[in-house]
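Read the figures in this text as sums done on the coordinates, not as results from a lab. Since the structure is predicted, the reported quantities are computational estimates derived from the model, not experimental observations. Don't worry about glycine lacking a Cβ; one is built from the backbone with ideal geometry, like all the others, and counts go over all protein chains shown.
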Amino acid sequence: MATLSHGEIWRAIDALAERFDMTPSAMARMAGLDPTSFNRSKRGSAETDGRARWPSTESLAKLLEATGVNFSEFAALTEQATFAPASARKAAPLIGLAEAGREGLFDEAGAPAGEGWDEIAAPDLGEGLFALEVTGDALAPVYRDGDRLLVSPTVEPRKGDRVVAKTSAGEILVRELGRVTARTIELTPLGGRGEERLLARDDVAWVGRIVWVSQ
C-alpha cells in the first residue's frame, strides 16, 4: 500500500473543506476539534521550526465521522491536484425532508419528479442531485434543523456511507448503510441513536448517498 505524504494528507483535508463549502476552521469545529486543528499556519512553519506537522489519527477519524466520508474516498482526494472550487454551483431541486415521502416526488430510480420542488444553488458533484431540508431535531446532533442534505441517486453507496432511503411504503429514512446482501439492506442509526432497520430489498424503493451537507 502506498504511503500518503504530508502534502497529500493536507491537500485532501483542504479538498474536503471545499466540498462542504467550509473553511478548515469551520470543518474542525463541526468535527468537535479545536478550530485551529487544520489551520495552514500549523502545517509546517516558523511556529514548528519548519518541521512538517501531521494531523493526528484521532483528528482524522473525527473528521471522517462528522462528514460521512469513508477513508477510501478521503484517500482518493489525495490524488487530486485540485478539487472543484466552492464557487462551482448548479441548481438542485429542494424539498423538505418531512414532505419527501409524498407520492409522485421521485421516479423509480430515486430521481426528482413531479411538482412541489423548490431550487437551491449547490456544489456540482454529479448528475441527478437533489436536496432535502431537515426540520426539527429528530436527526440531531448529526443533522440539525435547517441543514440541507445533498443526495445523489446515481453514486453507488458503500457500507458506512450516510444515505437517504425510501421504502416501498413511502417512508423516508436517513441512516448509515450497513450490510447489504442479495436479499436484505441494513440501515443503522446515525451516531448510534435510533432503531436499526433490516429491510428486504423488495421493500426498498431506492437508496441515495448523501454527498454534501449545508450546515
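Observations on the model:
- Mean Cβ neighbour count within 10 Å, used as a protection proxy, ranking 99-108, 200-209 highest first: 200-209, 99-108
- Stokes-Einstein D (µm²/s) once Rh is taken as the Kirkwood radius of segment 136-202 over alpha-carbon pairs, at 20 °C in 1.002 mPa s: 169
- Per-bin percent of Cα-Cα distances, the chain [10 Å]: 8, 32, 34, 19, 6, 1, 0
- When shorter helices are ignored and each DSSP H run of at least 4 residues is given -39500 (n - 2.57), the per-residue value for the chain at 222 nm works out to -5500 deg cm²/dmol.
- On Cα atoms only, tilt of 6-19 relative to the major axis of the chain in degrees: 40
- Three principal axis lengths of segment 6-77 [C-alpha, angstrom, descending]: 34, 23, 21
- Charge tally around L173: other residues with Cβ under 13 Å, Lys/Arg +1 each, Asp/Glu -1 each, net -2.
- Estimated FRET transfer efficiency when R0 is 35 angstrom, pair S5-T181 (beta carbons, to 0.05): 0.35
- Judged by the mean number of other Cβ atoms found within 10 Å, the most tightly packed of the peptides 67-73, 7-13 leads the ranking 7-13, 67-73.
- Relative to the longest principal axis of the Cα atoms of the chain, the long axis of helix 57-67 lies at roughly 30 degrees.
- The simple Förster model, with R0 at 41 Å and r as the Cβ-Cβ distance, assigns F71 and E103 a FRET efficiency of 0.60.
- A Förster radius of 22 Å combined with the Cβ-Cβ distance from R29 to D124 puts the calculated FRET efficiency at roughly 0.30.
- With all pairs of separate Cα atoms included, segment 89-214 yields a Kirkwood hydrodynamic radius of 14.6 Å.
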